[in-house]
Every structure is written in structure tokens, then in C-alpha cells.
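The structure appears right after this line, and notes come after that.
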Amino acid sequence: MERTSVAGVQRYYAESAERLGSVYESVSFESVHGALLDLLPEPPARALDVGAGTGRDAAALAARGFAVDAVEPVAELREVAARLHPDADVTWREGALPDLDGVQGPYDVILLSAVWMHLAPEERPLAIRRLAALLAPGGTLLITLRRGEPPTDRRMFDIPAEDVARQATDAGLRLLRTVEEATDRLGREAVTWNAVALRGEPG
């Protein structure tokens, strides 16, 4: 089974890590996730940023008072994140879905920003069950999805929000909200974004 952490996926991000540091950090956490911010729990709380990239979102969550674990499979991106956010109270970890080996919940909020679309169809049921298991009772799972024709230089899939919501429901999560945005924050005309907000079962 091909995995998100295979060389074909990681190679693009490893080779582009420095450039992506500038690109990702050019837009703010608030502008990217504005439609979901009201769903964040009140700190202090534990947060998990899966596929943390260059650390923008993890650092922003830490600045809001969350205790943050940031998981990223690409060593070069973790290095950029630690350099760009040296003062952020974030634990940077190696790991990838669907396993997230070594990651221990429970987390009050889990964020996957531009990550889910890298998972192959056979990986997604495993991944959503793993995420559901990491959530605290009543915890919140936030997933953003890049929509449009996938690029050819990395593994990516165009996944509708409805598919994510269906698999999440099968894993015992409750749909809170779906968001459709017509504008890409980086100005790419062929790219749009969806978001899916889910909640775990109450304790």
C-alpha cells in the first residue's frame, strides 16, 4: 500500500521546504481558518496539528493558549517550522496518517489543514478512525480540503466534503459544519477549498 509518507510525496515537500516556508507563512492562520475559529475550544486545551508543514497553524494555536503537538512527516519542513517559530510552545513530532505512531491523545481539537487530500482511498477509513480515537470526549476535528484538478508533481486527490463527512459518521463522529470557499488565499484560480468540522461523542 502506498503511504502518505512515501518518497514520492515527501520528495516534493522536502525539495520545496524553504520556498513553502515563505508561501505558507504569507497568509495568516486567521484568514485561512476564519470560518472555523468559533469552533475552537477555550484554552487551556490540547491541540494536535497533523501535517503541520512549516508550523504556521501550530504556532498560532500555541499563541492562543493551546498545548500543541505538531506532527509532520517531512524532516525538512519540521526544520523550517522550528526555525520560523523558535519561541512557539509546540512539540514538533515526526509522523503521518493513517497511523500517527507515537501520538497519544486525548486532544480537545485536531486540525488537518491541506492534508486529507494526500491520503489514498484505502487509507482514509483507517485515518478517520485513528483521529476519532485521539479526540477527547466532545473534541473537535477540523479538516480542510483542496479542491480542483490535482497537481502532477505529488500525490493528491480531489475529495468532496461529503465523502469526508460520510466516513467520519461511520467512525462515530458528528458533522458540525461544512464550508465552501471560492477563493484560494494564494491566488490560484483553479483551486478552491472546502472545510469539514466534526465532533466526537460526548463523555
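The values are calculated or read from the model by the stated rules, or taken from the named source; none is laboratory data. Small disclaimer: the values here were computed from a predicted structure and weren't measured. Ideal geometry is used to build each Cβ from the backbone, glycine not excepted, and the neighbour counts take in all protein chains shown. Side chains are part of the model used for accessible areas, which takes the heavy atoms of the whole protein and leaves out ligands, DNA and RNA. Shrake-Rupley method; radii C 1.70, N 1.55, O 1.52, S 1.80 Å.
On the chain, 49 percent of the accessible area sits on carbon and sulfur atoms, based on a 1.4 Å probe. Considering the zone a paramagnetic label at T91 would reach in this model (a point 7 Å from Cα along the Cα-to-Cβ line), which residues of the range 98-115 have amide N under 19 Å from it? Backbone N within reach: 99-112. Taking 16 Å as the cut-off, the amide N atoms of the range 113-144 that come nearer than this to a point 7 Å along the Cα-to-beta-carbon line of L186 belong to 113-118, 144. The GluC sites (Glu not before Pro) of the range 102-203 that meet both conditions, a loop assignment by DSSP and at most 16 other Cβ atoms within 10 Å of the site Cβ, are E122, E189. A simple count of charges around A60, restricted to other residues whose Cβ falls under 10 Å of its Cβ and scoring Lys, Arg +1 and Asp, Glu -1, yields -1. Over the chain, DSSP H runs of length four or greater, each weighted -39,500 (n - 2.57), average out per residue to a 222 nm ellipticity of -8500 deg cm²/dmol. Shape analysis of the chain based on the Cα gyration tensor places the equivalent ellipsoid semi-axes at 22, 20, 17 Å, largest first. Taking every protein chain into account, the accessible area of the range 85-175 amounts to 43 square angstrom per residue (probe 1.4 Å).
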